[in-house]
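Below: one structure, written as structure tokens.
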Amino acid sequence: MKALKSKIVQQGKVLSDTVLKVDSFLNHQIDATLMKEIGEVFASRFKKDNITKIVTLESSGIAPAVMTGLVLHVPVVFARKKKSLTLSENLLTANVYSYTKEETNTISVSRDFIKPEDNVLIMDDFLANGQALLGLLEIVERAGASIAGAGIVIEKGFQSGGELVRSRGIRVESLATIASLQNGTVTFKEDDK
Ligand code: 5GP
């Protein structure tokens with residue numbers, strides 16, 4: 001997606017050979033206009049898939065997921081990373097290890113919001129080693145729902161997550177795939193749409 005890739009080049013900060021900071025438009029401040037466009041692109045890629053629900057992870061997955069849900073006219077559920085006083089029963093949970101934070105979080109969603117008849121689009125901001133996506137897949141599988149695929153804003157193609165998730169037969173649509181962050185420069189995968 002051209003506008004996203006331009007934004008990454010203009011405003012993304014390469015923190016190391018593996019980490020990209022995009023706080024000015026995706027992870028802290030949100031560029032609402034870009035996010036609207038992102039929602040439209042995801043919606044067009046999954047418009048024929050009879051999606052009934054979008055499932056994402058708080059907090060950075062919420063903005064692109066809501067914009068996509070708006071176009072597809074489906075509800076968006078976000079998994080929580082912390083226990084909530086009002087969310088303590090009837091939970092679907094999965095453990096997610098974060099390589100960046102070096103910690104394991106138990107993510108959870110209420111059973112009330114994912115049903116066996118749902119056809120789910122899973123979304124997140126980044127795909128790196130795939131742990132967050134696998135955790136979301138586990139939750140949706142536990143609910144007995146179908147998985148239509150995954151929508152990722154930025155995939156780091158040099159890490160193992162994309163291959164791991166696709167090898168399970170899951171369709172993964174990424175709007176920008178990064179081939180390398182070496183020497184402080186963002187290089188995109190050439191066949192990127
Ligand atoms: P994974 O579970 O695929 O290893 O990592 C995905 C999660 O880690 C995403 O939800 C995202 O929040 C975070 N993440 C992974 N790599 C990056 C990165 O390069 N930059 C930012 N800002 N977040 C990342």
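The values are calculated or read from the model by the stated rules, or taken from the named source; none is laboratory data. Here the structure is a predicted model, which means the values were calculated and not measured. Reconstructed Cβ throughout: ideal geometry from the backbone, glycine too, with neighbour counts over all protein chains shown. Each accessible area value is taken on the protein alone, full model and side chains, heavy atoms only, with ligands, DNA and RNA left out. Shrake-Rupley method; radii C 1.70, N 1.55, O 1.52, S 1.80 Å.
Ignoring any ligand, DNA or RNA, what whole percent of the accessible area of the chain comes from carbon and sulfur when the probe is 1.4 angstrom? Display every interim value, and only then the final one.
Numbers: 4750 of 9930 Å².
Exposed carbon and sulfur together represent 48 percent of the surface.
Using a 10 angstrom Cβ neighbour count of at most 16 plus a DSSP loop assignment to flag exposed GluC sites (Glu not before Pro), which longest range of the chain is free of such sites?
Working: sites that count: GLU58, GLU89, GLU102, GLU117, GLU190.
Value returned for the longest uninterrupted segment is 118-189.
Quick one: helix 32-45 against the long Cα principal axis of the chain, what's the angle to the nearest 10°, folded into 0 to 90?
Orientation of helix 32-45: about 70 degrees from the principal axis.
Enter the accessible area per residue of the chain (Å², integer; probe 1.4 Å; all protein chains in place). Don't skip to the end; give the middle numbers.
Numbers: 9930 Å² over 193 residues.
Here the residues of the chain average 51 Å² of exposed surface.
May I ask for the angle, rounded to the nearest 10°, between helix 131-142 and the longest principal axis of the chain, with both axes built from Cα atoms and the value confined to 0 to 90°?
Computed tilt is about 20 degrees.
Please compute the volume of the convex hull spanned by the alpha-carbon atoms of segment 11-103 and report it per residue in Å³. Write down the numbers at each step before the final one.
Details: hull volume 13.4 nm³, N = 93.
Convex hull of Cα atoms, per residue: 144 Å³.
For the Cα atoms of the chain, what angle does the longest principal axis make with the long axis of helix 2-11, in degrees from 0 to 90, nearest 10?
Roughly 70 degrees between the two axes.
Quick one: Kirkwood hydrodynamic radius for segment 2-188, alpha-carbon pairs, angstrom, one decimal? Walk me through the numbers on the way to the answer.
Working: mean 1/r = 0.0602 Å⁻¹.
When all Cα pairs of segment 2-188 are included, the Kirkwood radius is 16.6 Å.
Identify which of GLN29, GLN11, GLN159 has the largest mean-square fluctuation in a Gaussian network model of the chain, with springs joining Cα atoms closer than 10 Å.
GLN29
Would you kindly find the accessible area of HIS28, with a 1.4 Å probe and non-protein molecules such as ligands, DNA and RNA excluded, rounding to the nearest 10 Å²?
Accessible area of HIS28: about 150 Å².
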